[in-house]
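Student: Right, I'll just put the structure down here and ask away after.
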Amino acid sequence: MMRFFQGCNALVTGASSGLGAEFARQLAPLASRLVLVARRNDRLEELADDLRRFHPHLEVRVFAADLATADRRNALADWLASEKIDINFLINNAAIIKDRTIAKMSYEEWDAVIDVNLSGVFYCCKHALEIMREGGAIVSFGSIAAIQGFFGQANYAAAK
């Protein structure tokens, strides 16, 4: 299965920590290029430096983007096009949680989670398809919360 990733170009959202950073670490020995996207540029640069140090064959590019905002999603798409970056794989990992009961949840909290966890995935897929190599794949992560909602996670469950 891992041969499938040999020589690939992958874009990983939510790459600054947690699962996204781990996906990048696991792909690094196999990939030719990784594009790491997250809100926290300092963490992205730190991860990119580590990956370059341990995998000198690997081209690592970073782009700081809050996928909740249309401006940053579009800026990412424009940057990928201007840099002539093509990909084999998109890994939609970016997500946020803002737990609160519906009665106490603000409109802003609802919108923030929906904008990143749902709209961000849609727009990343839409933009990725424009630059994806034939035979590429998109992996989008869900959550058990989508099937079995948890207290205070109406926005998260709806987005997943």
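Student: Just by accessible area at a 1.4 angstrom probe, what is the order of Thr13, Thr69 from largest to smallest?
Tutor: Reading off the accessible areas and sorting them downward yields Thr69, Thr13.
Student: Here's another thing I want to ask about it. Measure nothing fancy, just the Cα-based angle from helix 70-82's long axis to the longest principal axis of the chain, in degrees from 0 to 90, nearest 10.
Tutor: 10 degrees
Student: Can you give the Rg to Rh ratio of the stretch 19-74, both from alpha-carbon atoms, with Rh computed by the Kirkwood formula?
Tutor: Ratio of gyration radius to Kirkwood radius for the stretch 19-74: 1.00.
Student: Gly152's amide H: which non-local residues (gap 5+, or another chain) put their own amide H closer than 5 Å, with H modeled 1.01 Å from N in plane and none for Pro or chain starts?
Tutor: HN-HN under 5 Å from Gly152: empty list.
Student: For the pair Ala81/Glu109, report the inter-label distance in nm, with labels modelled 7 Å from Cα in the Cβ direction.
Tutor: The answer from the label model is 3.8 nm.
Student: Separate question: Say R0 is 25 Å: what FRET efficiency, to the nearest 0.05, do Asp42 and Phe5 get from their beta-carbon distance?
Tutor: Rounded to the nearest 0.05, the efficiency is 0.40.
Student: Starting from the alpha-carbon convex hull of the chain, give the projected area averaged over all orientations, in nm².
Tutor: 9.6 nm²
Student: Taking H as built 1.01 Å from N, whose amide H comes closer than 5 Å to the amide H of Met132, not counting residues under 5 places away?
Tutor: So Met132 has HN proximity to Ile87.
Student: In addition: Would you rank Ile147, Ile97, Ile138 by solvent-accessible area, highest first, keeping every protein chain in place and using a 1.4 Å probe?
Tutor: Numbers: Ile147 145, Ile97 95, Ile138 60 Å².
The most accessible residue leads, giving Ile147, Ile97, Ile138.
Student: Using DSSP to call loops (not H, G, I, E or B), can you name the GluC sites (Glu not before Pro) in the stretch 74-109 whose Cβ has at most 14 other Cβ atoms within 10 angstrom?
Tutor: The qualifying sites are Glu83.
Student: Long-range amide H contacts for Ile96: which residues qualify at under 5 Å (H placed 1.01 Å from N, peptide plane, sequence gap of 5 or more or a different chain)?
Tutor: Asn117
Student: Give the accessible surface of the stretch 72-160 per residue, rounded to a whole number of Å², with probe radius 1.4 Å and ligands, DNA and RNA excluded.
Tutor: 58 Å²
Student: With every protein chain left in place, what is the accessible area of Arg53 in Å² (1.4 Å probe, nearest 10)?
Tutor: Number for this one is 150 Å².
Student: So what does Lys160 come to for accessible area, using a 1.4 Å probe and Å² rounded to 10?
Tutor: 50 Å²
Student: At what distance in nm do the modelled label points of His57 and Arg25 sit from each other, each positioned 7 Å from its Cα along Cα→Cβ?
Tutor: Distance between the two pseudo-spin positions: 2.1 nm.
Student: Percent of accessible area on the stretch 1-157 owned by carbon and sulfur, 1.4 Å probe?
Tutor: On the way: 4670 of 8660 Å².
Of all accessible area on the stretch 1-157, carbon and sulfur atoms account for 54 percent.
Student: Here's a follow-up. Can you give me the solvent accessible area of Glu22 with a 1.4 Å probe, rounded to the nearest 10 Å²?
Tutor: The accessible area of Glu22 comes to roughly 70 Å².
Student: Taking θ = phi - 60°, what integer Hz values does the Karplus form 6.51 cos²θ - 1.76 cosθ + 1.60 yield along the stretch 127-137, in sequence order, with x for Gly and Pro?
Tutor: Couplings: 5, 5, 4, 6, 10, 7, 5, 4, x, x, 8 Hz.
The values are calculated or read from the model by the stated rules, or taken from the named source; none is laboratory data. What you see is a predicted model, and the numbers here were worked out from it, not measured in a lab. A quick note on method: Cβ atoms are made from the backbone with ideal geometry, for glycine too, and the neighbour counts reach across all protein chains shown. Each accessible area value is taken on the protein alone, full model and side chains, heavy atoms only, with ligands, DNA and RNA left out. Shrake-Rupley method; radii C 1.70, N 1.55, O 1.52, S 1.80 Å.
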